[in-house]
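To start, the structure under review is shown below, and the notes come after it.
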Amino acid sequence: MSTQLTPEILSTLEKQSIEVPSWAYGNSGTRFKVFGTPGTPRDPFEKIADAAEVNRLTGLAPAVALHIPWDLVDDFSALRTHAEDLGVQLGTVNSNTFQDDDYKFGALTHEDSAIRRKAIDHHLKCIDVMDETGSRDLKIWLAEGSNYPGQADMRGRQDRLQESLQEIYARLSDAQRLVLEYKFFEPAFYHTDVPDWGTSYAQVASLGDKAMVCLDTGHHAPGTNIEFIVMQLLRLGKLGSFDFNSRFYADDDLIVGAADPFQLFRILVEVVRGDGLNNPDVSFMLDQCHNVEEKIPGQIRSVLNVQEMTARALLLDRDALGTAQRSGDVLGANAIMMDAFYTDVRPALAEWRESRGLPADPMAAYAASGYQAKINADRVGGAQASWGA
C-alpha cells in the first residue's frame, strides 16, 4: 500500500458516502431536445437497480435520492425493500412545484391561497413518502420569481414563503429535516424568491433546528467564492446538504469536478476544515444530468471525482499551512495548498480499492461487466426523462 495515503486518511475515506439521484439514470438533454438512450430505466425500480450498480463497483453510493412525482410508485414499502435487497437505501425526497400550469406565477409564494394550498399539500405528501421510505431529508427547490420590475411584490412573496414553509416544517417528525436549495436565476430572470445562501439561511433559521440550507455547486454566479459559502454555513451549523455538479456557464449540471477540479478541491478543503466530512448533518449528493454520456459510467466517474478530491484535501498539511498563514507567508501558504492539489492519489486509491474487494478501476470494471449490454437488450420502450416524461 502506498504511504501517500495514511491509514488515518484511508479510514476516513472508507466512511465516505455520496447519494446519487434517481433522475441521473433517465433520459435527459438540452432545453430543446430530450435524447433517448438505450437501457433507459422504465420505472423507479430500474433506476434503483442502476444506482446499486454504481455502489457495487465503487462502495461510495449507498443511497438514492427520489423525486416526486417522477418516482411515484403504488407501494413505496416495496421500493424500499427492492433497494435494500440491492444493497442501497432510499435517501432524500425532492419535491416538484415547477411542472404544473398552476405554478406559472409561483407555488409556495403564490398570491392565490388555493394554489399555495396545493403546493403545501404536495410537500406534505412528500413527507408521507418519507415516512414509508425511511428518508430523512425533504429537499425543496423553488422555480419561483418574476421576470420584470413591478411584476411581483417581492416582500410579500417572502412572507408567504415563510408561512408555507412553517406549515411544511410542522409536519416533519423529530427524525426528519427540511433542506432549502437556492439558485440565483432561472427560470425567473428579474428576481428569484430563493436566489442565494443568505435568503435560504434567513428562511430556514426562522423555522428551527430541523431546517437547513442545500448548496448546489452549480447554482452560483461566475466568480462566486463557493468555498467561502461552505465555510460560513458550516460555521453557522446550517449546511445540510450538497448537490454536487459542475458548470461552465450557468446551471449546466455536468459531472462534478469536470469544469473546475481545483474548485471542488477548495470546497472539500473547507468541508474538512469545518468538520463537515462524514458528518451525519451534512449530506453529500450528486445532482447531474448525463445528456451525451452513458448514465451509469457518468455517475461512477462523478463519485470517484469527489473521492479523489477528498483524498487530496485530507493530504493538506494543515499544521504547515497554519504556520504559514500566521506568519504572513503568502506564497508559502499557497504552495502548501497547491502541493496537496497536485498530488496524484489515483494509484493509491486503486490499490486501496483492491484491498477492500472493489475493482481497482471501477470505470473499466463497468465496461467489462456486460451490464450496459444487458439493460440495452432488456429495457425496450424506456422513455423517462430526467425531468419526468
Open item on the list: Given the -39500 (n - 2.57) contribution per DSSP H run of 4+ residues, what per-residue ellipticity at 222 nm results for the chain, rounded to the nearest 500 deg cm²/dmol?
Closed with: -14000 deg cm²/dmol
Task: DSSP beta bridges in the stretch 119-258 [antiparallel fraction, %, rounded to 5] - done: 20
- [ ] Give me the number: length gained by fully extending residue 325 to residue 354, i.e. 0.36 nm times residue separation minus the C-alpha to C-alpha distance, one decimal in nm.
- [x] 6.6 nm
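Of all alpha-carbon pairs in the stretch 51-187, indicate the percentage at a distance above 17 angstrom.
Every Cα pair in the stretch 51-187 considered, those over 17 Å come to 62 percent.
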- [ ] Can you tell me the relative contact order of the chain? Whole percent, Cα pairs under 8 Å, sequence separation 6 or more.
- [x] 22
Task: Sum of side-chain charges, residue 157 neighbourhood, beta-carbon under 10 Å (Lys, Arg +1; Asp, Glu -1) - done: -3
Open item on the list: Which aspartates and glutamates, if any, have their Cα less than 20 Å from the Cα of residue 33, not counting same-chain residues under 8 positions apart?
Closed with: 100, 186, 251, 252, 253, 287, 293, 294
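Listed highest first by mean packing, meaning other Cβ atoms within 10 Å per residue, what order do 39-46, 157-164, 186-193 come in?
Listed from highest to lowest mean packing, they are 39-46, 157-164, 186-193.
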Task: Contact order relative to length of the stretch 240-389, as percent, for alpha carbon pairs under 8 angstrom and 6 or more apart - done: 21
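Once fully extended, how much extra length lies between residue 380 and residue 339, figured as 0.36 nm per residue of separation less the alpha-carbon to alpha-carbon distance?
Extra length from residue 380 to residue 339 when fully extended: 9.8 nm.
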TODO: Output the peptides 318-324, 65-71 sorted from most to least packed, where packing is the average of other Cβ atoms within 10 Å over each peptide's residues.
DONE: 65-71, 318-324
Open item on the list: Beyond 31 Å, how much of the Cα-Cα pair distribution for the chain remains, as a whole percent?
Closed with: 37
Task: Proximal lysines relative to residue 118, as straight alpha-carbon distance under 29 Å, when same-chain residues fewer than 8 apart are discounted - done: 47, 104, 139, 183, 210, 238
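Here, each number is a calculation from the coordinates, and none is a lab measurement. Predicted, not measured: the structure shown is a model, and the values here were computed from it. Because the Cβ atoms are built from the backbone with ideal geometry, glycine has one as well, and the counts that use them run over all protein chains shown.
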